[in-house]
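The values are calculated or read from the model by the stated rules, or taken from the named source; none is laboratory data. For clarity, every value in this text was computed on a predicted model and none was experimentally measured. For neighbour counting, all protein chains shown are included, and Cβ atoms are generated from backbone atoms with ideal geometry for every residue, glycine included.
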Amino acid sequence: MSETENVVVTLNVNGETHTVLAPPYETLLETLRERLDLTGTKHGCELGECSACMVLMDGEPVLSCLTLSLEAQGHALTTIEGVAKNGVLTPLQQAYIESGASQCGYCTPAMVLSAQTLLDKNPSPTRQEIRDAIAGNLCRCTGYVQIVDAVELAAKRMRESVEDRVRRET
Amino acid sequence: MSEMRIVGKPRTKIDAVSKVTGAAKYGDDMMLPRMAYGKLLRSTQPHAYIRRIDVSRARALPGVLDVITGKDLPIHYGVLPNNQDETALAMDRVRYIGEPVAAVAALDERTAERACDLIEVEYEPIKPLLTMEDALAPNAGRIHDWTRTPNAHKIVSLEFGDVEAAFGRADLVREDTFLYEGNSHVPLETHAVVAKFEGGHLTLWSGTQVPHYVQRALAQVLNIPHGHVRVILPAIGGGFGGKSEPLSFEFCASELSRRTGRPVKIVLTREEQFYTHRGRHPAKMWMKTGVKRDGELTGLAVKIFLDGGAFSSFGIASTYYTGALTPITYKVPAYKFDGVRVFTNKPPCGPKRGHGGPQPRFGFEIQLDKLAEDLGMDPIALRRRNLVEPYSTTVNSLRITSCGLSECIAQVEKGSGWQERRGKMPPGKGLGFAASAYLSGTGTTMWHPDLPHSGAHVQIDRGGAITVFCGSAEIGQGSDHLLAALVAEELGVYPEDVRVVAGDTGITPVDLGSYSSRVTFMSGNATLKATGELKAKLLEAASRVLETAPEELEFGDYEIHDRNDHANSIKLVDAIVRAEAQFGTLGATGSYSPPRLGGNYRGSVIGTSPAYSFTACVAQVDVDADTGEVRVEKLWVAHDCGRALNPTLVHGQIQGCAYMGVGEALMETQQIDGRGLHMSPSLLEYHLPTSIETPEIETILVQAIDPEGPYGAKEAGEGPQNPIVPAITNAVYQATGVRFDETPLSADKVYRALHKKKGQRETTLTIPEFRFPEPERPTPREYYGDCS
Amino acid sequence: MIRLPPFRFFTPGTLTEATRLFAEHERAVVVSGGTDLYPNMKRLQVSPPSLISLRGVRELKTIQAGADGSIHLGAGMTLTQIERHALVRERVPSLVEAIPLVSTLPLRNMGTLGGNLCLDTRCHFINQTPFWRQAVGSCLKDVGDVCRVAPGGSRCWAIASADLPPLLIALGARIRLVSERGEREIPLSELYRDDGIHYLNKMQDEILTRVILPRNENVRAGYLKLRRRGAFDFPSLGVGAALQFNADGVCESARVVLGAVTSKPLEMPQAQGLVGEKLSAPLIAGVAEAIALQARPLQLADYTYAFRKQMVAVYTSKLLNRLAD
């Protein structure tokens, strides 16, 4: 089988620009993990059946196992490594660790990204809305309860901090 | 005891930040210089002789470093000492589709995979035996030549008391047949290993639950000294029992590394994970229970057939467990157990969360439900009538210590509104109950029964750095955190101040691993023992400065103070310096062995445990009669875990168990078809419940403090799985009036039962024809007073 | 890790470029979201030498209202973009309700309308890895010469498993197909053939560019799906229906289309039994039974054949009752 030639791929990941030489059929999952050492992005099936490899593309969740790196060019990509800024956890990450929402942790990177996009759109989701939003992310450890707890807690804290700011400013 | 600062309080796990930031490194995240990639070629035949393997074309492929086959790793292994029936790669015969046959190392994974395609294997098919009935049939062929009865891997027949007499005494006797389908662990992370063989020494990073057993088996199979093998655990993406024995790829990666002089990584695909399996045994069960009119149980007889798949795995233990655990919840004065594990040409079964418990528990709790109805009793009242008591002995000579079962039942009864709501719910809705018990670690070890089950070493340096070394396996349950929490509680610091070095056979004392719910109890006790020695030295040193007797001193936040005058104190770090000056380098080793337990019969140690956890569950379901769809609306689960060392973690374990129970109740099965093919080798076909099918789970902690557990703690990681499936099934009966004696409750099955046409033939459940031997009738061993 | 087999990859920016590429590369395969094709390629069910991606083709990414009250949906829009689009939300609420039933959110963020309509047929025996297929022996849709479902026959029984076609056909959708040779517009229902291998009436070089939904005032439509889980799963049965009522509440037109029953979405003429009637539960039940009688689900999706057949009546009836309310 003759290999198809490598091409130059430039990716914007977590605000950093990376240029790699890769075959056109390489998925974003492979590039992130095996060329950029961004191993926080996990994989459990590589067929779109578990969503452990989820990353954000322009703020929306997509699966890196079914996205060609070539086609991820020109988009802002976020992996779990890009969520905490300057070593400070986001309110969701903080709520996540306090709630025990991470057991083995293998679904966690994708789950955190998934839940974050929910909170970006809906600052006060109900438990059912949280369940619906993360239904595409399989977790095998927690039974989802503490994950829902964490998202709820983060939403509450984020709302309170907004209210606080408004109160201080008025 | 003074008030506890850490123990019993919800706290963030010490490794939680690494998990939410993506920093935690799992097996496939290991990247070493010059690393090569391995792939396994697997059997496409369920049962066949290997007549020829030609690897020459694979070897010739550019980028291929080496290819090995069965003859390159001919030494047998197995997790149990007396069942060494596996080789890393099939020798001359394959026994299931997916069994590893050859392994390739190449510069990259694609090339390794392509090389596998180039290996030519000539098979001579043998008639596969794919059901227990076929395997036990007269004149059936043999899957292994060494079994006394063809394909009966292990036969157990035990009778405690006179069961026939017990049934004679009963006012009512019921017989039922049950089927519990097999299912798989499906951790989200598939198996992943990296092996590095350098200068005759092997280092293996493996996501295993049992580093010690893997080290032992590697030394044996690779034929190198035990001390030259180091097994290190990376972060592990879940286990649930599926990673608790040495497995083919661990040997293959190691051997390929030895041959190529490079580190070799092997990561299994999801499909390969399903072939590796070691999951829950499919079980066909016959049960007979006698009761008096007032609900008193008189006797229980069970026959259990376990479909073991092609190899032994933990099979002997699995067989005993399915017999041993049933009598722990209710007083059963007479008990007969016949069990057989059968070899079939399918992926091997092994231990999955609750090992051996869920199948008989399913049958027994449904049968009790039926008996309650026959007697016109409330199902909970029937159980209450027969509850085991704390500090008693079961009919099969198991010692029960602390027991909060009664309180667990009261909690779920109250929480679910059982008395007010049961029987008064709208059509299609129902409540169901079940209870169970489980081990906090097994009472015996597999290899060296005289040696400790767990060892821990704690050291404190002069700057105040505290490190605990333990061979235990953190698989997501939080065992690292618990060790840190125990040490922190003892020494007046916080868990974050304690470094835990665990799961590294090169530097940690032996702990047997994360299986049979043993870590909190056993590693916890070993760690407390080591810490206690250091604590005494610190108190002694502090006592000199504070001029107060050590008995009058206690640890506070980073200090040691007089318990009656907190102002009379010394900073912990100062006490440490003084202690080191007085005693030398501060380090201590502790170990834990459970007391000698078990009856006076063969296999009686299996089922023993230094302490049992207890669980009660009420399930609320909604059954759509039009579609047969069963929705679990809510679960109330009360679990007696002894002292909850960290309630957040205990709730998480219970919820995880309950979720897994929902999966097994509604949708999870590992089905192998008539050709030996896996019917659902992917996450699309093997259905794991999502956040939509998983209900809200109300978890209630019942803390019957155990005298032998660390701070009174028992287990929480497996026990709560046991009652979930029967509770849901009993609830479906309440909701629909239709009994299901089998799993799972898929919509098509429920619909068929609800819309049965008159005269439609019922498929009745059966057990295979098999003559069990005359049972052994041991005399009981009593631990506490009356045995009944 | 399962990886993609090698291929050449083309990324045209315009429709003209795209059609030219298809004319030039005879064995090239079209890809947009990749959520269906890439898993199939990873399992080596198909290994095309080159792929032509429609992701960058601007003309496929618009949603417009036609002067005649129709709506034109660009085939390159992702399912999420369609679900969130104001015009669609206002005018085609049934589509907005149906889209979340497709797979999972990340796949809806990637998968496109065109991709969903052209979703490859599925079968337990083909949607497996090469290893598994080697163990069972290959089938017609693979490289073999026997169907593993119906070993006697010479046709492939793989199942039409997309969620949106039943609803869109019921809504009377038409599609536009464009190639270098020209363009044509056909009813969506005519896109499909009852053949698991050649399941589309579309030439290799034709690109599905848009879906045109006719003006649909007074139409009540919906989609119901049988599956085990609330996410991920393909339909074991899909029922799409659209009913039109006059001012007196009399049903003027009725279309019921079944998915995941045969190799193509199946329009059920028995639905005409509703036309000219005021809908009542017994009438609906009768029509649903008549539909179920004619539906013969193939035995290779999830759940048993018998159950899926029974569910045709239950789901059809459920959906029609909801729409009649």
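Quick notes
- Check on C:ALA242, over 30 Å from A:CYS50 (Cβ atoms), without any contact (Cβ under 8 Å) to a residue 60 or more places away in the chain, away from chain B (no Cβ under 14 Å) and crowded, with 21+ Cβ neighbours inside 10 Å: no
- Of all residues in region A:152-167 being basic (Lys, Arg) and loosely packed, with under 11 Cβ neighbours inside 10 Å, the one that is nearest to the chain's Cα centre (by Cα): A:ARG165
- Within region A:1-41, the only residue that satisfies the criterion of being farther than 16 Å from A:LEU77 by Cα, of a type in the set (Gly, Ala, Ser) and either within 17 Å of the chain's Cα centre (by Cα) or surrounded by 12 or more Cβ atoms within 10 Å (Cβ to Cβ) (or both) is A:ALA22.
- Members of region B:756-781 found to be surrounded by 14 or more Cβ atoms within 10 Å (Cβ to Cβ) and in a loop (DSSP other than H, G, I, E, B), listed by number: B:LEU765, B:ILE767, B:PRO768, B:PHE770, B:PHE772, B:PRO775, B:PRO778, B:PRO780, B:ARG781
- As for region B:23-32, it holds at least one residue that is farther than 30 Å from B:ARG114 by Cα and modelled with pLDDT of 95 or more.
- Which listed residue is under 30 Å from B:PRO452 (Cβ atoms), more than 40 Å from the chain's Cα centre (by Cα), crowded, with 18+ Cβ neighbours inside 10 Å and not hydroxyl-bearing (Ser, Thr, Tyr), from B:ALA541, B:ALA526: B:ALA541
Every residue, every condition in (1) within 21 Å of B:PRO187 (Cβ to Cβ); (2) under 26 Å from the mean Cα position of the chain (by Cα); (3) without any contact (Cβ under 8 Å) to a residue 60 or more places away in the chain, yes or no:
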| site | (1), (2), (3) |
| --- | --- |
| B:GLN209 | yes, yes, no |
| B:TYR213 | yes, yes, no |
| B:ARG216 | no, yes, no |
| B:GLN220 | no, yes, no |
| B:ASN223 | no, no, no |
| B:PHE251 | yes, yes, no |
| B:LEU256 | no, no, no |
| B:ARG259 | no, no, no |
| B:THR269 | yes, yes, no |
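- When B:ALA704, B:ALA716 are checked against the criterion of being assigned to a loop (DSSP other than H, G, I, E, B), away from every other protein chain (no Cβ under 14 Å) and either hydrophobic (A, V, I, L, M, F, W, C) or under 30 Å from C:PRO130 (Cα atoms) (or both), B:ALA704 stands alone in meeting it.
- Given (1) touching a Lys or Arg at 6+ places or on another chain (Cβ under 6 Å); (2) crowded, with 23+ Cβ neighbours inside 10 Å; (3) more than 30 Å from B:SER609 (Cα to Cα), number of the condition B:THR694 does not satisfy: (1)
- Residues located in region B:653-684, provided they are in a loop (DSSP other than H, G, I, E, B) and within 9 Å of chain A (Cβ to nearest Cβ): B:SER682, B:LEU683, B:LEU684
- Complete set of residues in region C:11-31 that are assigned to a loop (DSSP other than H, G, I, E, B), over 8 Å from C:ILE52 (Cα atoms) and in contact with a helix residue (DSSP H, G or I) (Cβ under 8 Å, 6 or more places away or on another chain): C:GLY13, C:THR14
- Considering (1) closer than 21 Å to B:TYR612 by Cα; (2) within 14 Å of chain A (Cβ to nearest Cβ), the lone condition that B:PRO495 does not fulfil carries the number (1).
- For region B:14-39, the tally of residues that are under 30 Å from the mean Cα position of the chain (by Cα) and away from chain A (no Cβ under 14 Å) stands at 2.
- Any hit, region B:328-336, residues being in contact with a Gly (Cβ under 9 Å, 6 or more places away or on another chain), at pLDDT 95 or above and assigned to a strand (DSSP E or B): yes
- Scanning region C:55-81 for residues that are in contact with a helix residue (DSSP H, G or I) (Cβ under 7 Å, 6 or more places away or on another chain) and within 14 Å of another protein chain (Cβ to nearest Cβ) yields C:ARG55, C:VAL57, C:GLY76, C:MET77, C:THR78, C:LEU79, C:THR80.
- Every pair of residues 6+ apart whose Cβ atoms lie under 6 Å, when the first sits in region C:88-108 and is away from chain A (no Cβ under 14 Å) while the second is surrounded by fewer than 24 Cβ atoms within 10 Å (Cβ to Cβ) and among the charged types (D, E, K, R): C:VAL96/C:GLU83; C:VAL96/C:ARG89
- Within region A:56-170, helices (runs of 4 or more DSSP H) holding 3 or more residues that are in contact (Cβ under 8 Å) with a residue 40 or more places away in the chain and away from chain C (no Cβ under 14 Å): A:91-99, A:145-169
- Of the strands (runs of 3 or more DSSP E) lying entirely inside region B:1-72, those containing at least 1 residues that are outside the structural domain of B:ALA644 (by TED's automatic domain parsing) and exposed (fewer than 15 other Cβ atoms within 10 Å of the Cβ) are B:48-54.
- Any hit, region B:93-111, residues being in a helix (DSSP H, G or I), among the charged types (D, E, K, R), within 30 Å of B:VAL650 (Cβ to Cβ) and within 11 Å of chain A (Cβ to nearest Cβ): no
- Residue match in region B:40-52 (condition: in contact with a Lys or Arg (Cβ under 9 Å, 6 or more places away or on another chain) and more than 14 Å from every other protein chain (Cβ to nearest Cβ)): yes
- When residues in region B:689-698 are screened for being of a type in the set (A, V, I, L, M) and more than 8 Å from chain C (Cβ to nearest Cβ), 1 of them pass.
- Qualifying residues in region B:179-195 (those that are out of contact with any Leu (no Cβ under 9 Å at 6 or more places or on another chain) and more than 10 Å from chain A (Cβ to nearest Cβ)) - the one farthest from B:THR131 (Cα to Cα): B:SER184
- Filtering region B:733-751 to residues that are more than 14 Å from every other protein chain (Cβ to nearest Cβ) and over 27 Å from the mean Cα position of the chain (by Cα) leaves B:TYR733, B:GLN734, B:ALA735, B:THR736, B:GLY737, B:VAL738, B:ARG739.
- Residue ID - farthest from A:MET57 (Cα to Cα), chosen from residues in region C:88-140 that are in contact with a helix residue (DSSP H, G or I) (Cβ under 7 Å, 6 or more places away or on another chain) and in a loop (DSSP other than H, G, I, E, B): C:PHE125
- Only a single criterion out of (1) over 15 Å from B:VAL79 (Cβ atoms); (2) among the polar types (S, T, N, Q); (3) in a loop (DSSP other than H, G, I, E, B) is not satisfied by B:SER244, namely (1).
- Any hit, region B:193-201, residues being over 24 Å from the mean Cα position of the chain (by Cα), without any contact (Cβ under 8 Å) to a residue 40 or more places away in the chain, more than 17 Å from B:THR505 (Cα to Cα) and in a loop (DSSP other than H, G, I, E, B): yes
- Within region B:160-190, the set of residues being over 31 Å from the mean Cα position of the chain (by Cα) and part of a loop (DSSP other than H, G, I, E, B) comprises B:ASP162, B:ALA170, B:ASP171.
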